[in-house]
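Down below is the structure, laid out as structure tokens.
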Amino acid sequence: MTAKDGAREKMKSIEPLLIDLSHRIHSTPELGFEEEKASVWLSEMLDDAGFEVTKGVAGLPTAFVARAGSGPLHIGICAEYDCLPGIGHACGHNIIGASSVGAGIATAAIADELGLTVTVLGTPAEEVGNASGKIVMLEHGLFKGLHASMMVHPAPFDMAVMNLIAAAMFVVFYTGREAHASAFPAMGINPADSLTVAQVSLGLLRQHIRQTDRIHGFTTKGGDAPNIVPAHTSARYIIRSQTIEELDQLRGKVHRCFEAGAVATGSKCEIKGGDKPYAQMAHDLEMAALYRRNAEELGRVFPNLGPAVERFAASTDMGNVSQAVPSIHPAIGIDSMPAANHTPEFTAHCIKPAADKALFDGALAMAWTIADIATNESIRARLLSAPGAAA
Ligand SMILES: [Zn+2]
Ligand SMILES: [Zn+2]
């Protein structure tokens, strides 16, 4: 029996457990850094499979690492398991959590044979947009010693290489002064007007930014009653650019728009967050090609999407990992069209048979890709000697 057959057999034997795990996480959605149940369920399954599990790493109660094997080539598999506010598992992180655990267990079964160590990293709070799980875990050195890392992400269709760009999430607070909006409006300083000025400025700024830049957000507090000039307003925004360097340039321009709102009204402006942004994904194209071939071997199809994905760009803290360790982050289709990520319709798709199949295929394609990496002399040598090895 080949190593790949061994991985497939292992995956088959744990498939019902993985589907149950995915569905359980889906029906118990937990927000970033609050994934108490999911992190326990995932690490328990790894513990049962003989992994050495350490919970609460990097000072994050819902982060964990689970290690198996003792070979020289050390591969990391990232699990995500946080949900989105209000719409549950609309990004399919229940599938990611289960498929990464499955890939870890299937790889562990062939680790000795292939000279591998495999670590599943439980990485919380991918959706929070700033100072997220992987960023904090990178700061704590938890990706040190890895030669490669990977995960697969649910999407409407399969993509070996996704356009994943840099992003920063921040919150803007304006402080003014209350007044009776009709009787004594001259006594007020109106921070709701500050937001209006900022949003107009941002609208004008859109003419002067790169086509690849993005600015999106909304007011989170606009006031309490129309007959009170509010003292406090706030908004939450995300900005994105192709690279961290371009993001830094965009950030300055966007911040000035918010400052303009304070200047115009005399309110005070405070911006919090955005200090630990998501980096762009540096795809390891050789590994991505291996993944694609393995996924195709399992019958998966990578459609030629053309203009349909011309504007497609998302962001992930896996980008930060990829800047330190050679990494891949393919998309795995769950046959959800026209529903796409971050909608309640996509949430509903994340436990359908196509989602369960994506879980299985994604996990096995990862395990097979790891088997290829371990047995291909030139890739193995490159990864063992890569600068990322000491990241
Ligand atoms: Zn998402
Ligand atoms: Zn996601």
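Where the only charges are on Cβ atoms (+1 Lys, Arg; -1 Asp, Glu), what is the dipole of region 238-391 about its Cα centre, to the nearest 20 debye? Please report the intermediate quantities before stating the final value.
Numbers: 15 positive and 18 negative charges, 72 e Å.
The calculated dipole for region 238-391 is roughly 340 debye.
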Given the options GLY306, PRO277, ALA288, identify the residue whose Cα lies farthest towards the positive end of the charge dipole of region 219-335 (+1 on Cβ of Lys, Arg; -1 on Cβ of Asp, Glu). PRO277
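Could you report the chain's accessible area per residue, 1.4 Å probe, as an integer in Å²?
On the way: 16300 Å² over 391 residues.
Ligands and nucleic acids excluded, the result is 42 Å² per residue.
Using helices alone, what [θ] at 222 nm do you get for the chain, with -39,500 (n - 2.57) per DSSP H run of 4 or more residues, divided over all residues and rounded to the nearest 500? Display every interim value, and only then the final one.
Numbers: 12 runs with 160 residues, N = 391.
Estimated from H runs of four or more residues: -13000 deg cm²/dmol.
Could you give the size of the charge dipole of the chain about its Cα centre, using +1 on the Cβ of each K and R and -1 on the Cβ of each D and E, expressed in debye and rounded to the nearest 20? It would help to have the intermediate numbers written out before the result.
Values: 31 positive and 42 negative charges, 192 e Å.
The dipole magnitude comes to about 920 debye.
Span-like helices, the chain: DSSP H, alpha-carbon axial extent 20 Å or more, mean Kyte-Doolittle 0.5 or greater, which ones?
Details: long enough: 3-27 (34 Å, -0.60); 93-108 (22 Å, 0.92); 191-205 (21 Å, 1.06); 244-265 (32 Å, -0.18); 353-375 (33 Å, 0.74).
Result, helices passing both filters: 93-108, 191-205, 353-375.
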Calculate how many DSSP beta bridges within the chain are antiparallel, expressed in % of all such bridges and rounded to the nearest 5. 70
Ranked packing of 323-331, 115-123, most packed first, by mean Cβ within 10 Å: 115-123, 323-331
Work out the length of the dipole vector of region 172-260 about its Cα centre, built from +1 on the beta-carbon of each Lys and Arg and -1 on the beta-carbon of each Asp and Glu, and round it to the nearest 20 debye. 200
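Note the full-extension length gain between SER385 and PHE302 as 0.36 nm times their separation in residues minus their Cα-Cα distance, in nm to one decimal.
Taking 0.36 nm per residue and subtracting the Cα distance, the gain is 26.7 nm.
What pairs in LYS134/LYS253; LYS12/LYS55; LYS55/LYS352; LYS253/LYS276; LYS144/LYS276; LYS221/LYS268 have C-alpha atoms more than 23 Å from each other?
Values: LYS134/LYS253 28 Å; LYS12/LYS55 27 Å; LYS55/LYS352 30 Å; LYS253/LYS276 18 Å; LYS144/LYS276 19 Å; LYS221/LYS268 15 Å.
As for pairs spanning more than 23 Å Cα to Cα, those are LYS134/LYS253; LYS12/LYS55; LYS55/LYS352.
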Between GLU310 and ALA289, what length comes free when the chain is fully extended (0.36 nm per residue of separation minus the Cα-Cα distance, one decimal in nm)? 5.5 nm
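For the chain, what % of the accessible area comes from carbon and sulfur atoms, probe 1.4 Å? Each step should come with its number before you reach the end.
Numbers: 8840 of 16300 Å².
The computed percentage sits at 54.
Only Cα pairs under 8 Å and at least 6 apart count here; give the relative contact order of region 251-391 as a rounded whole percent. If you can, show how the numbers build up before the last one.
Numbers: 96 pairs, mean separation 37.8, N = 141.
For region 251-391, the relative contact order is 27 percent.
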Please list, in chain and number order, the residues 5+ apart from ALA181 or on another chain whose amide H is under 5 Å from its amide H, with Hs placed from the backbone. ILE228, VAL229
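The values are calculated or read from the model by the stated rules, or taken from the named source; none is laboratory data. These numbers come from a predicted model, not from an experiment. Please note: Cβ atoms are built from the backbone with ideal geometry, for glycine as well, and neighbour counts cover all protein chains shown. Remember, those area values only see protein heavy atoms, side chains included, never the ligands or the DNA or RNA. Shrake-Rupley method; radii C 1.70, N 1.55, O 1.52, S 1.80 Å.
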